[in-house]
Amino acid sequence: MPRHAQPYALSPGDGEAHWFFGNLVTLKAAGEHTDGRFALTEFVNPAGFASPLHVHHDEHEAFYILEGTAEVHCGDEVFRVAPGSFVLLPSGIPHWHQVSSDAPMRSLVLTTGQFDRYVAACGERFRIDVLGPPPAAPQLPDEPHRLRVDAP
């Protein structure tokens with residue numbers, strides 16, 4: 001596979017941002033930047049946010065907590081995380097997380113190179129020059145497998 005990735009750097013706050021199921025997600029490295037090998041996103045989850053129970057069938061997901069605290073549930077395991085914590089959520093194991101109610105949580109999330117396309121498809125582009133509250137979180141489908149993004 002030929003390499004097309006080019007070096008670049010982003011300043012704090014840079015990257016394509018989206019409101020994604022009630023969270024602010026900023027793409028730091030998309031699949032197009034990494035030859036499809038991974039995507040790195042910065043998530044800001046509001047205080048009290050709880051993700052739905054879901055499973056990744058083909059990829060692992062990794063979190064590195066920058067600010068805030070949460071409980072992360074993966075199968076029968078429960079992890080209490082704080083700044084500096086790292087969590088690996090292996091593929092095939094249902095998982096979800098609950099942010100503490102007293103403050104937002106900011107984390108870096110590492111996934112496959114297709115996740116950025118999922119964020120763009122399901123989220124709403126965030127523009128810093130437009131003031132106002134985030135849009136209402138979209139209703140999740142009754143069938144979680146419909147949230148899946150397949151590789152090209």
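The values are calculated or read from the model by the stated rules, or taken from the named source; none is laboratory data. Remember, predicted model here, so these are calculated numbers, not experimental data. Here the Cβ positions follow ideal geometry from the backbone for every residue, glycine too, while neighbour counts run over all protein chains shown. Surface accessibility is based on the protein's heavy atoms, side chains included, excluding ligands, DNA and RNA. Shrake-Rupley method; radii C 1.70, N 1.55, O 1.52, S 1.80 Å.
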Probe 1.4 Å, heavy atoms of protein chains only: per residue, the accessible area of segment 20-131 in Å² is 51
Subtracting the Cα-Cα distance of Glu124 and Glu67 from 0.36 nm times their residue separation yields 18.2 nm
For segment 92-108, Karplus-derived ³J(HN,Hα) couplings (6.51, -1.76, 1.60; θ = phi - 60°; whole Hz; x for glycine and proline) come out as x, 10, x, 8, 6, 9, 10, 6, 4, 7, 8, 7, x, 10, 10, 9, 9
Quick calc: nm separation of the 7 Å Cα→Cβ label points for Glu77 and His4 -> 3.6
